[in-house]
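The values are calculated or read from the model by the stated rules, or taken from the named source; none is laboratory data. It should be emphasised that the depicted structure is a prediction, and the values quoted were computed from it without experimental measurement. Every residue, glycine among them, receives a Cβ derived from its backbone with ideal geometry; neighbour counts consider all protein chains shown. To get the accessible areas, we keep the full protein, side chains included, count just its heavy atoms, and leave off ligands, DNA and RNA. Shrake-Rupley method; radii C 1.70, N 1.55, O 1.52, S 1.80 Å.
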Amino acid sequence: MKYRHLFFDLDHTLWDFDRNSAESITELFDTFRLADAGIASAAEFSTHFIAINRQLWADYDRNIITHGYIRENRFPMVFKSLGVDASLIQADLNAEYLNILPRKPHLLESAREVLDYLKGRYTMHIITNGFAEIQAVKMDSAEIAHYFTHVITNGLVDAKKPDPAIFNYAMEVSGANVAESLMIGDSYGADILGAKGVGMDTVFYNTAGLVVEDKPTYDIRHWSELMAIL
């Protein structure tokens with residue numbers, strides 16, 4: 001067996017960020033009575049939030065902005081995009097979002113099935129750019145923490161994917177080496193190019209079917225394809 005250690009990304013790879021976020025945003029819409037502020041529906045609020053939040057995290061992965069910038073600016077940006085002035089409640093919204101979101105349990109389709117299949121066959125770990133305290137709650141809420149031996153976050157290393165330092169730290173703390181390790185994630189820039197940069201084989205969880213120039217070792221659309229590989 002070529003691989004002994006599997007390293008997974010968490011958000012958008014195993015944990016269904018979009019579904020969990022949409023549910024959280026709907027709760028915020030009702031709790032803060034955002035219809036009274038001029039937002040037409042929870043669905044509209046969620047659509048704007050998910051698009052802006054995704055772009056902010058992409059900018060974070062490219063070292064354009066910081067974690068703090070995301071927390072401070074995402075809701076103001078959402079309200080601005082909706083043409084709504086809700087400056088008096090934005091701070092409360094973000095705090096409540098961070099309270100609600102990680103307690104949502106939803107995983108992407110077949111993610112638990114594939115984790116059950118891999119458990120015992122491989123030693124599994126998480127490498128994530130997310131907030132450490134938030135990611136731990138997410139994993140507990142989704143009841144997946146027991147699958148993983150180590151959870152490596154950017155806060156542990158003061159580096160984030162695609163920086164080689166976080167992958168090298170993952171090798172060190174897990175006792176693995178790149179020849180026996182496989183990185184699995186949905187972000188081509190952070191997960192795939194980052195891992196390839198230190199010599200790891202990669203699985204691109206590419207549900208959108210993106211065409212990329214620097215090919216991963218494996219390109220899958222559904223978790224069943226990973227079970228066929230491993």
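Please verify whether Ala176 is farther than 19 Å from Pro102 by Cβ, open to solvent by less than 20 Å² (accessible area, probe 1.4 Å) and hydrophobic (A, V, I, L, M, F, W, C), treating the condition exactly as stated. Yes: the conditions hold for Ala176. Answer yes if at least one residue in segment 100-109 is modelled with pLDDT of 95 or more, within 24 Å of Ala195 (Cα to Cα) and in contact with an Asp or Glu (Cβ under 9 Å, 6 or more places away or on another chain), and no otherwise. So far as segment 100-109 goes, yes, one or more of its residues are modelled with pLDDT of 95 or more, within 24 Å of Ala195 (Cα to Cα) and in contact with an Asp or Glu (Cβ under 9 Å, 6 or more places away or on another chain).
Would you point out which residue out of Asp186, Asp214, Asp219, Asp191 is more than 20 Å from Lys119 (Cβ to Cβ) and touching a His at 6+ places or on another chain (Cβ under 7 Å)?
Details: Asp214 fails: touching a His at 6+ places or on another chain (Cβ under 7 Å); Asp219 fails: touching a His at 6+ places or on another chain (Cβ under 7 Å); Asp191 fails: touching a His at 6+ places or on another chain (Cβ under 7 Å).
Step by step, each of Asp186, Asp214, Asp219, Asp191 is checked, and only Asp186 is more than 20 Å from Lys119 (Cβ to Cβ) and touching a His at 6+ places or on another chain (Cβ under 7 Å).
Scanning segment 108-145 for residues that are within 24 Å of Ala176 (Cα to Cα) and among the hydroxyl-bearing types (Ser, Thr, Tyr), which turns out surrounded by the most Cβ atoms within 10 Å (Cβ to Cβ)? Step by step, filter segment 108-145, then rank; the result is Thr128.
Ile50 passes every criterion in (1) in contact (Cβ under 8 Å) with a residue 60 or more places away in the chain; (2) at negative phi; (3) crowded, with 16+ Cβ neighbours inside 10 Å apart from (1).
This table checks each residue for (1) open to solvent by 20 Å² or more (accessible area, probe 1.4 Å); (2) among the basic types (Lys, Arg); (3) more than 24 Å from Val137 (Cα to Cα); (4) not in a helix (DSSP H, G or I).
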{"position": "Ala35", "(1), (2), (3), (4)": "yes, no, yes, yes"}
{"position": "Ala40", "(1), (2), (3), (4)": "yes, no, yes, yes"}
{"position": "Tyr69", "(1), (2), (3), (4)": "yes, no, no, no"}
{"position": "Met77", "(1), (2), (3), (4)": "yes, no, yes, no"}
{"position": "Ala91", "(1), (2), (3), (4)": "yes, no, no, no"}
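Within segment 150-230, which strands (runs of 3 or more DSSP E) (wholly inside it) include 3 or more residues that are not acidic (Asp, Glu)? The qualifying strands (runs of 3 or more DSSP E) are 181-185, 201-205.
From Ile126, Ile134, Ile220, which residue is within 16 Å of the chain's Cα centre (by Cα) and modelled with pLDDT of 95 or more? Give the derivation first.
Values: Ile134 fails: modelled with pLDDT of 95 or more; Ile220 fails: within 16 Å of the chain's Cα centre (by Cα).
Checking each option against the conditions leaves just Ile126.
If the condition is being open to solvent by 50 Å² or more (accessible area, probe 1.4 Å) and farther than 18 Å from Leu10 by Cα, then segment 179-195 contributes only Ala179.
The set of residues from segment 17-37 being out of contact with any strand residue (DSSP E or B) (no Cβ under 6 Å at 6 or more places or on another chain) and within 17 Å of Ile144 (Cβ to Cβ) comprises Arg19, Asn20.
In the set (1) open to solvent by 30 Å² or more (accessible area, probe 1.4 Å); (2) under 26 Å from Glu133 (Cα atoms), Ser21 fails one condition alone, (1).
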